[in-house]
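Visitor: Quick one: the structure is below, questions incoming.
The values are calculated or read from the model by the stated rules, or taken from the named source; none is laboratory data. No experiment lies behind these values; they were computed from the predicted model shown. Backbone-built Cβ (ideal geometry, glycine too); neighbour counts: all protein chains shown. Note: accessible area is taken over every heavy atom of the protein model, side chains too, but ligands, DNA and RNA are not part of it. Shrake-Rupley method; radii C 1.70, N 1.55, O 1.52, S 1.80 Å.
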Amino acid sequence: MRRIIAALATAALFGCSERPAPADNAANSAADATGNGGSASAVASTTVLFLGTSLTAGYGVGADAAFPALVQQRIDADSLPFTVSNAGISGETSAGGLRRIDWLLQNPVDVLVLELGANDGLRALNVDSLRSNLDIILERTREKYPDAAIIIAGMQAPPNLGPPYTARFQKVYPDLASKYDATLIPFLLNGVAGVPRLNQEDGIHPNPEGHRMIADSVWAVLRPVLVGRGRAKQ
């Protein structure tokens with residue numbers, strides 16, 4: 001079990017290590033990556049905002065095959081009144097997400113799915129800074145949209161950084177989930193990272209099958225949230 005967890009953690013982090021998008025293009029990238037191909041300004045108040053890294057952006061497979069788009073397909077199949085907005089950027093850190101959050105919150109958000117931190121771990125960035133950045137993102141989301149539901153996708157730090165760092169890193173996610181009454185996905189890439197048949201040739205990034213498995217995991221958590229909120233809107 002220890003070997004499997006180590007492989008998952010290492011692969012998860014290297015899976016998000018591409019060069020970040022230029023800062024002046026970050027907002028435009030997020031705006032153009034809505035689940036239905038529309039602009040951010042056209043997104044309705046029933047938006048499910050995915051804020052994340054290359055995993056969310058679909059590095060190597062394209063946005064249409066990335067797990068947020070696959071989640072949109074499941075939403076449509078269940079005739080739920082929600083639209084996915086994909087605000088994933090390759091190489092994004094928690095600090096980068098914080099810089100973008102106010103821009104993203106200009107449009108109504110009904111559900112936030114937060115997938116950040118893998119690159120912080122890869123670069124051995126300060127865990128307190130990671131916690132603070134994610135905390136502020138969640139705080140600002142709740143301040144602007146008090147009724148928004150929050151789902152936090154947990155990440156893991158590379159085991160070579162040592163037990164104290166990895167333990168403190170992993171603890172950030174359940175702590176914030178508890179503070180904001182959010183739903184926690186303990187490890188987004190559980191069952192995918194480190195499995196060759198589920199990753200691209202680099203052995204790092206999920207391939208289409210890997211994204212389908214991630215979508216299944218996310219949907220298992222997200223669907224009950226959307227069903228409840230969809231009924232409330234009727």
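Visitor: Does G154 satisfy the condition of being within 24 Å of L105 (Cα to Cα), open to solvent by less than 10 Å² (accessible area, probe 1.4 Å), at pLDDT below 95 and in contact with a Pro (Cβ under 9 Å, 6 or more places away or on another chain)?
Guide: Details: within 24 Å of L105 (Cα to Cα): yes; open to solvent by less than 10 Å² (accessible area, probe 1.4 Å): yes; at pLDDT below 95: no; in contact with a Pro (Cβ under 9 Å, 6 or more places away or on another chain): yes.
In short, no.
Visitor: Answer with yes or no whether V109 is crowded, with 21+ Cβ neighbours inside 10 Å, among the hydrophobic types (A, V, I, L, M, F, W, C) and out of contact with any Asp or Glu (no Cβ under 7 Å at 6 or more places or on another chain).
Guide: Taking the combined requirement at face value, the residue satisfies it.
Visitor: Please give the number of the condition R142 fails out of (1) more than 30 Å from D76 (Cβ to Cβ); (2) open to solvent by 50 Å² or more (accessible area, probe 1.4 Å); (3) at pLDDT 95 or above.
Guide: Evaluating R142 over (1) more than 30 Å from D76 (Cβ to Cβ); (2) open to solvent by 50 Å² or more (accessible area, probe 1.4 Å); (3) at pLDDT 95 or above leaves (1) as the failure.
Visitor: Which of (1) part of a loop (DSSP other than H, G, I, E, B); (2) in contact with a His (Cβ under 7 Å, 6 or more places away or on another chain) is the odd one out, the single condition N107 does not satisfy?
Guide: (2)
Visitor: Quick test of your reading of the structure: N133 fulfils all but one of (1) surrounded by fewer than 20 Cβ atoms within 10 Å (Cβ to Cβ); (2) at pLDDT 95 or above. Name the failing condition by number.
Guide: (1)
Visitor: Which members of the range 157-194 meet the condition of being buried (at least 17 other Cβ atoms within 10 Å of the Cβ) and small (G, A, S)?
Guide: A157, A177, A182, A193, G194
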